[in-house]
1. Any residue in segment 102-114 that is crowded, with 17+ Cβ neighbours inside 10 Å and either free of Cβ contacts under 8 Å to residues at least 24 places away in the same chain or farther than 30 Å from GLY177 by Cβ (or both)?
2. Taking ILE58, is it at pLDDT 85 or above, over 16 Å from ALA188 (Cα atoms) and β-branched (Val, Ile, Thr)?
3. Report, by residue number, each residue of segment 163-180 that is closer than 18 Å to VAL92 by Cβ and of a type in the set (Asp, Glu).
4. Within segment 136-163, track down each residue that is of a type in the set (Val, Ile, Thr) and assigned to a loop (DSSP other than H, G, I, E, B).
5. Taking the options LEU107, LEU112, name whichever one is within 15 Å of VAL79 (Cα to Cα) and touching a strand residue (DSSP E or B) at 6+ places or on another chain (Cβ under 6 Å).
6. When segment 60-94 is examined, which residues are found to be surrounded by 19 or more Cβ atoms within 10 Å (Cβ to Cβ) and within 30 Å of THR180 (Cβ to Cβ)?
7. Considering segment 132-166 alone, what residues qualify as being among the small types (Gly, Ala, Ser) and touching a residue at least 60 places away in the same chain (Cβ under 8 Å)?
8. Mind checking whether some residue in segment 120-129 is farther than 17 Å from GLU182 by Cβ, of a type in the set (Val, Ile, Thr), crowded, with 17+ Cβ neighbours inside 10 Å and under 33 Å from the mean Cα position of the chain (by Cα)?
Amino acid sequence: MGLLEKMRRVEESLTEPLGEYEEEATERAHEIFQIVGERVEVIRPSRVIFASVAVLLILSGMFIIGTWLVPYDRTSVDVVYLQGGTGHVVMVELDNKGSRSITDVSLDIRFLNDESIEIGRSSYTVDEIAAHTSIAGDQLELLINGASVWENYTIEIILEYTYGGDEYYERWTYNVGQWTMEMFTYDAPIHFF
């Protein structure tokens, strides 16, 4: 049986009259096609735009609720290190990015040499830092005059605070001295509820 014979048989089967079942199926398919066509006519670009805006508003609302209403703690410390001809400067910014206040906050900045001997220290304590608030200023600066700028040092940051009745302790170290200016950020783990 060759290809031409197969094609002839297919053509002959198409010209035969449809059976009762096949006619019902064809009518049903035609009805479904009409229903789908009517539904497609109902969908207009203005409705699609309205639905998209509605979904965007719902997602934005969920984000706002997650940011402001769900209690979480997200504390970070930003550090800038500078060295110059007369010594070193360490500037710190304490940032409470969480949705609730943190209390009993204590931040220590230590400047250590290669042998872990403390060259300078600055301590800062505050009773409370409100949500979405950052603190920086003279109290969070450490000035080290007279230390050599040709050696490597270690900056140690110790942060203690209370959130939701639980006390947290974070300690970070960073080696400096390779560059005249260095910036880094330390993030404490996020705590929910």
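The values are calculated or read from the model by the stated rules, or taken from the named source; none is laboratory data. A quick note: this is a predicted structure, and the numbers were derived from the prediction, not measured. Cβ sites come from the backbone with ideal geometry, for glycine too, and all protein chains shown count toward neighbours.
1. yes
2. yes
3. Answer for segment 163-180, where residues must be closer than 18 Å to VAL92 by Cβ and of a type in the set (Asp, Glu): just GLU170.
4. VAL149
5. It is LEU107.
6. Across segment 60-94, the qualifying residues are THR75, VAL77, VAL79, TYR81, GLN83, HIS88, VAL90, VAL92, LEU94.
7. Listed by number, the residues that qualify are GLY146, ALA147, GLY164.
8. The answer is yes; a qualifying residue exists.
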